[in-house]
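Some notes on the structure that comes next.
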Amino acid sequence: MAIKTTRRQFVKATAATAAGVAAASPARARAPEVLIQSAVKPVVLSDRSGIAYKNGGPVSCVEKAFSMIAEGHDVLDALIAGVNIVELDPEESGVGFGGQPNEEGVVQLDACCMHGTRKQAGGVAALEGVRTPSLVAKAVMEHTDHHLLVGAGAQKFARLMGFEIEDDLNTEKSRRLWLEWKRRIDPAHYLAPARRQEVGYEAALQMVREGKIHEETLWGTVHCNAVNAAGQMAAVTTTSGLAFKIPGRAGDSPILGAGLYVDSGAGAAGSTGRGEANLFNLTCYQIVENMRQGRAPKDAAMDGLQRIRKNTIEKRLLNKRGEPAFNVRFFALNPRGEFAGVSMYASGEVTFGVCTENGAQELPLEGLLAGSPLDQEAE
């Protein structure tokens, strides 16, 4: 919110002199207005991973990011320091070290970051061997003229930037889950490629139904965005992608406008869930543009979910109720510090993280649809 203050109001003692000069010189008949930006209360917003995982330490992602913002650090630096906690936590099976591997058992990571005030961004996709892909994405932003590096090229760039490259980012837990998934599909690969992928995806969904893989881990991601007291905004998204994916697959997380989008004059939005649905609709960009038009974060994000719902028409992507057979979530924040967390279904991962001057708290996501994406019976 901007407060208009004239020089006459700002320096009352010089009011008479200013008025006299104005009367003598029509060209200076009115003192220029000074626009003073009122302070914004900082807010850090994330999916549940950003508040649930601490990598054995005392603080979560959102708490770390908020404390750094309060200390005056750059807003994007703070967010990346926050998500590093999640990336390094071996218990978070959808991000960084110990993230779910691809179908060949190799962990490939994606990440993107965007500074809404500097108008800069960077990303990596299918990166192997680096536990903190968010930091590599930031290096792409700061040291290259590009927005996205992928595969072997991204790894080579990371090595040149001084990042440690490890041979294997699997943990005992991620490897155990991969081996169970492999046992559920045809180990000899006798099926045709299309059918084989269908069987593989169904095997992963069955592991979700049995509770062996959390729903949020199947499309595991951590997103975090924030606004500081000066109104500067930024966001970062990082993930190991769809569990047991085709090698080289990249979802929405490293793509500007899909996995995240930020404009300090309009807002920030980020996503977790089925990346292909979000890529098709570039929903985070749409949500930010909705906020630019004056819509509240919740309304802006719900409109994004409705677009995905409308555009999901392939039978294989629908449950028996005719609704999307997947979940997707959005975390929207405007420059005034107003925020919302929404999801296609309020099931599986049902909360998100927020940190303000009052501390960190876990709040409920608001679902667009009732039930679960895995509902098997028509209403």
Any chance you could get the radius of gyration and Dmax over the Cα atoms of region 43-367, in Å? 18.3, 59
Taking the Cα centroid of region 272-297 and of region 76-153, what is the distance between the two, rounded to the nearest whole Å? 21
Can you bin region 274-379 into rounded, prolate or oblate? Criterion: square roots of the alpha carbon gyration tensor eigenvalues sorted a ≥ b ≥ c, rounded for a/c under 1.5, prolate for a/b above b/c, oblate for the rest. oblate
For region 71-82, take each phi angle, set θ = phi - 60°, evaluate the Karplus expression 6.51 cos²θ - 1.76 cosθ + 1.60, and give the result in whole Hz per residue in order, putting x for glycine and proline. 7, x, 5, 4, 5, 6, 4, 5, 5, 5, 4, x
Charge dipole of region 43-367 about the Cα centre (unit charges at C-beta), most positive-ward option of H147, P133, T312: T312
Starting from a Cα-only point model with no solvent, please compute log10 I(q)/I(0) by Debye for region 74-128 at q = 0.24, 0.25, 0.28, 0.30 1/Å. -0.97, -1.01, -1.12, -1.18
Within 10 Å, count the other beta carbons around each residue, average over each peptide in 225-236, 164-175, 242-253, 68-79, and list them highest first. 225-236, 242-253, 68-79, 164-175
What are the residues whose amide H is under 5 Å from the amide H of L149, where those residues sit 5 or more places off or on another chain and H is modelled from the backbone? G123, V124, A125
Phi angles of region 101-115, converted by Karplus (6.51 cos²θ - 1.76 cosθ + 1.60, θ = phi - 60°) into ³J(HN,Hα) in whole Hz with x for Gly and Pro, give x, 7, 5, 9, x, 9, 7, 10, 10, 10, 7, 8, 9, 8, 9
Scan around G367 for amide H atoms under 5 Å from its own, H built in the peptide plane at 1.01 Å from N, and keep only partners 5 or more places away or cross-chain. S343, A346
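Laboratory data are not the source of any read-out in this text; all were calculated from the coordinates shown. All values derive from a computational prediction rather than experimental measurement. Please note: Cβ atoms are built from the backbone with ideal geometry, for glycine as well, and neighbour counts cover all protein chains shown.
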